[in-house]
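Q: Just passing along the structure, written as structure tokens.
Where a number appears in this text, it was derived from the coordinates with a stated rule and is not lab data. Only a predicted model underlies this, so the values are computations on that prediction, with no experimental measurement involved. Quick reminder, even Gly has a Cβ in these numbers, built from the backbone with ideal geometry, and neighbours come from all protein chains shown.
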Amino acid sequence: MSIREEIGRIGLKIFANHRFKFKVTYTDFHPKRKSPYFLIANHTQPNDPLFLGMFLKYYPYPVANALLYTKPMMRFGLNHIVTSIMKRKGQSDIQTIKQIIQTFNKKNRGVMLFPEGNASYFGKETPTDYISTAKLIKKINKDVIMGQINGGFFAQPRWGKYVKKGAYHVHFYKLLSESDLETLSVEEIAAKMETAIKFNDYEWNRVQHIPYRSQTKAEGLEYYLYACPVCNSYSHIHTSGNEIFCPTCGKIGEIDLYNNIKDSVFNNLVDWGDFQEKLIPDILKKPIISEGELFEIYFENLKRVSQGQVKLTLTKESITFDKENLHKSFLLEDIKGFALTQKNFISFDHENETYDIKIDHPKLILDAMHYLKKGA
């Protein structure tokens, strides 16, 4: 580990401990372990890779979304504060697999994976296919350590602001040994990972009853909540402080000290998220329109070039971006790797081009696209 990297990690610890209240426990695993291993974890918030590595002397190298490297500050952190492995989100990347194998075999370091791919939207795990991760783990055959995170979503949800001294609990334990991997099938490994990664911060805090004190816990939810559970209207939700509003119905919820939602049809975001997804077929009877800043991505030199503010129109057949002197339209069947990458950025590939758009209604666009791509 370089001196610069060690200084960066010390700075991260000071910064993080000032903001959050950490509780870390270990079972059948030592935080100073030097021999390489896979670290897998549930993904509660964007900073999980940094925080997990902060507790481990010889931290496993995290696999990071290639789009982050197109932002200079993020690129500096991923190259100089921590060592990371670049991966294109939503797509199989043979080069990434080669880097992972080299990290184990040549650098004698472990690798940190978040099989869900995305930080949690509403406080529980994101459904995903674990088979590809299981195949990789089976092939390399190194111990699998689980980092079970609880409270991270409440401490800083991906759509919102951090909560001062928000509780962030981590339990590290050995999930699978090398001898286990030799005897288990890929499907059995995938099933064990899927079970281990399940979490629900609402259920956890009903037992823990930990207060999260903030006056801005709802702010940012308008990016991810798009449907009112009272009148079923969509794309008009707005927030202020800890309160959630619909322009027609007025106040439709308030996040309390323990992150439950009071004065609402739903007392948690998990159920609210499930409800609004079921409205997508009706919503898609008309084009979905939003606005945002469109970027073209150039991975060869890790640059992003803004195309300015555009109007996005999503129909059952295509997605279109329009502004004066610019018109881009793509058939949905030709789009690959569609993903919500950060708070309100959606990225996708079309042929040999990659786009990233900072959009007003990212979760609505994502849910609609997933519904359409499934051929429903």
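Q: Could you work out the relative contact order of the chain? I mean the mean sequence separation of Cα pairs under 8 Å and 6+ apart, divided by the number of residues, in percent.
A: It rounds to 15 percent for the chain.
Q: Using a Cα distance threshold of under 22 Å, what count of lysine pairs results for the stretch 211-290 when pairs must be 8 or more residues apart or interchain?
A: Step by step, the pairs that qualify in the stretch 211-290 add up to 4.
Q: Okay, next question. Rounded to two decimals, what is the ratio between the C-alpha radius of gyration of the stretch 283-373 and 2.2 N^0.38 Å?
A: Against the compact-globule rule of thumb, the ratio is 1.00.
Q: While we're on this one: Given 10 Å bins starting at zero, what is the percent of C-alpha pairs of the stretch 10-132 in each, up to the one with the largest pair distance?
A: 11, 42, 39, 8
Q: Return, ordered by residue number, the residues of the stretch 196-224 whose backbone nitrogen is under 20 Å from a label point located 7 Å along Cα→Cβ of K164.
A: Zone members listed by number: 210-220.
Q: Report the far tail of the P(r) of the stretch 131-262, meaning the percent of Cα-Cα pairs longer than 23 Å.
A: 51
Q: Give, in nm to one decimal, the length gained when the segment between V24 and S233 is fully stretched (0.36 nm per residue of separation minus the Cα-Cα distance).
A: Additional length available on full extension: 71.0 nm.
Q: State, to one decimal in nm², a quarter of the convex hull surface area for the C-alpha atoms of the chain, i.e. the direction-averaged projected area.
A: Averaged projected hull area, Cα only: 19.0 nm².
Q: Peptides 239-245, 146-152, 46-52: what's the order by average Cβ count within 10 Å, highest mean first?
A: Peptide ranking by packing, descending: 146-152, 46-52, 239-245.
Q: Could you tell me which of rounded, prolate or oblate describes the stretch 3-208, using a ≥ b ≥ c as the square roots of the eigenvalues of the alpha-carbon gyration tensor, with rounded for a/c under 1.5 and, failing that, prolate when a/b is larger than b/c and oblate otherwise?
A: Judged from the Cα gyration tensor, the stretch 3-208 comes out rounded (a/c under 1.5).
Q: To continue, here is another question. For the stretch 228-332, take N as its residue count and report Rg(C-alpha) divided by 2.2 N^0.38 Å.
A: 1.40
Q: Need the list of aspartates and glutamates near K23 for cross-linking: C-alpha distance under 17 angstrom, and skip anything on the same chain fewer than eight residues off.
A: Here the aspartates and glutamates satisfying the reach criterion relative to K23 are D48, D201.
Q: Treating only the Cβ of Lys, Arg, Asp and Glu as charged (+1, +1, -1, -1), what charge dipole size does the stretch 229-312 show about its Cα centre? Round to the nearest 20 debye.
A: With only Lys, Arg, Asp and Glu charged at Cβ, the dipole is about 280 debye.
Q: If the convex hull of the alpha-carbon atoms of the stretch 116-158 is projected onto planes in all directions, what is the mean projected area in square nanometres?
A: Computed as one quarter of the Cα hull surface, the answer is 3.6 nm².
Q: Past 29 Å, Cα to Cα, is the threshold; run K139/K174; K106/K161; K328/K374; K135/K373 against it and keep the listed order.
A: K106/K161
Q: From largest to smallest, what semi-axes in whole angstrom does the stretch 144-220 give when each is the square root of 5 times an eigenvalue of its alpha carbon gyration tensor?
A: 33, 12, 10
Q: Go through the stretch 290-304 residue by residue and turn each phi into a ³J(HN,Hα) via Karplus (6.51, -1.76, 1.60, θ = phi - 60°); whole Hz please, and just put x for glycine and proline.
A: Each residue's phi maps through the Karplus curve to give 8, 9, x, 9, 9, 10, 9, 10, 10, 6, 5, 10, 6, 10, 10 Hz.
Q: Still on this structure, please answer the following. Given bins 5 angstrom wide, list per bin the percent of all Cα-Cα distances in the stretch 214-264, short to long.
A: The percentages, shortest bin first, are 5, 25, 33, 25, 9, 2.
Q: While we're here: Strictly under 4.7 angstrom between C-beta atoms: which cysteines of the chain have no such partner?
A: C231
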